[in-house]
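In what follows, a structure is listed as structure tokens, so that the remarks can point back to it.
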Amino acid sequence: MVKSDIISATKANRLYWLGRYECRVYLTLHQLNKCFDEMIDGEPDDYTEFWQKLDASGIYKTNDEFTYGMLYDDTNPCSVLSAQKYAMDNAIMLREDIMSETLSYLEMSIALLKKCKQEATVNISHLQPIIDWSMAFWGSAEQRLQNHKALNIMLIGRNVENLDMQLRFGYPFRRIALAYDSLKRCCREMSGVLDENISGQLDQLITSSLYDLDDNEYKSKVIKYVNQLVRV
């Protein structure tokens, strides 16, 4: 018997946010690696710009506090541990769809994060396996998720998060344009998921002539529209 490919609104929402949160884990660790290298010989407040870009809720006074907080602070929704927990919460409810093998990569990441938190490890290199497991998670999901629509919703979530993070961290126009095109291609796979009005606004804003992330009003508007683009 062929299973129905109809997806409930609740499941679609969980798939979308699983994709977003798991992408957030990967990209936050990637950016933290870069920031950590810059802070090693820098001033105590070198982390401030990073903190502001993520709108993190934690207030950290030293580089070590910042690194530890961005990795393990449960009260900070922008920390790696928080994002991984949110991804795990959604994945557990989708176990029958993504299968245990895919879920296991998130379980290993949570276990390693908790271990490093207990040991107060602030050396980000110890968390390299999480980056590897995040990539393996996506490979496993693409192999085992039989419902094409379900997989596409996860990929839409990943693309939204990727574009959002690239905008926050001031990536060049070429990278943003490519990320935006990738997101729209995923959205076109599913009728009605793309808000055409918001898409039209973004089409006008994400152009080489207007692109200016040093303009805070422009940057805030584009990020807001990116997060309103998908109707899931």
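Being small (Gly, Ala, Ser) and surrounded by 14 or more Cβ atoms within 10 Å (Cβ to Cβ) is the filter; apply it to the range 173-232 and report the residue that is nearest to Lys149 (Cα to Cα). Show your work before the answer.
To start, the set of residues in the range 173-232 that are small (Gly, Ala, Ser) comprises 177, 179, 182, 191-192, 199-200, 208-209, 220.
So of that shortlist, the ones also surrounded by 14 or more Cβ atoms within 10 Å (Cβ to Cβ) come out as 177, 179, 182, 199.
Values: Ala177: 25, Ala179: 20, Ser182: 16, Ser199: 21 Å.
Within the range 173-232, the match that is nearest to Lys149 (Cα to Cα) is Ser182.
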Within the set of pairs 6 or more residues apart or between chains, which connect a residue that is under 10 Å from Ile153 (Cβ atoms) inside the range 184-195 to a residue that is of a type in the set (S, T, N, Q) with Cβ atoms less than 7 Å apart? Cys186/Asn152; Cys186/Asn159; Glu189/Asn152; Met190/Asn152
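Results for (1) over 17 Å from the mean Cα position of the chain (by Cα); (2) farther than 27 Å from Val222 by Cα, shown as yes or no for each residue.
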{"position": "Ala83", "(1), (2)": "no, no"}
{"position": "Leu94", "(1), (2)": "yes, yes"}
{"position": "Leu106", "(1), (2)": "no, yes"}
{"position": "Phe137", "(1), (2)": "no, yes"}
{"position": "Glu142", "(1), (2)": "yes, yes"}
{"position": "Asn152", "(1), (2)": "no, no"}
{"position": "Leu155", "(1), (2)": "no, no"}
{"position": "Leu167", "(1), (2)": "no, no"}
{"position": "Phe173", "(1), (2)": "yes, no"}
Top-ranked residue of the range 48-81 - restricted to ones that are charged (D, E, K, R) and outside any helix (DSSP H, G or I), ranked as most open to solvent (accessible area, probe 1.4 Å): Lys61
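Please go through the range 196-231 and pick out each residue that is in a loop (DSSP other than H, G, I, E, B) and either modelled with pLDDT under 95 or not charged (D, E, K, R) (or both). Working first, answer last.
Taking the range 196-231 and keeping what is in a loop (DSSP other than H, G, I, E, B), we get 206-215, 227-229, 231.
Once the filter is applied, which keeps residues that are in a loop (DSSP other than H, G, I, E, B) and either modelled with pLDDT under 95 or not charged (D, E, K, R) (or both), the range 196-231 yields Ile206, Thr207, Ser208, Ser209, Leu210, Tyr211, Leu213, Asn227, Gln228, Leu229, Arg231.
The values are calculated or read from the model by the stated rules, or taken from the named source; none is laboratory data. Treat the numbers as computed from the prediction; the structure is a model and nothing was measured. Reconstructed Cβ throughout: ideal geometry from the backbone, glycine too, with neighbour counts over all protein chains shown. Only protein heavy atoms, including side chains, enter the accessible area calculation; ligands, DNA and RNA are left aside. Shrake-Rupley method; radii C 1.70, N 1.55, O 1.52, S 1.80 Å.
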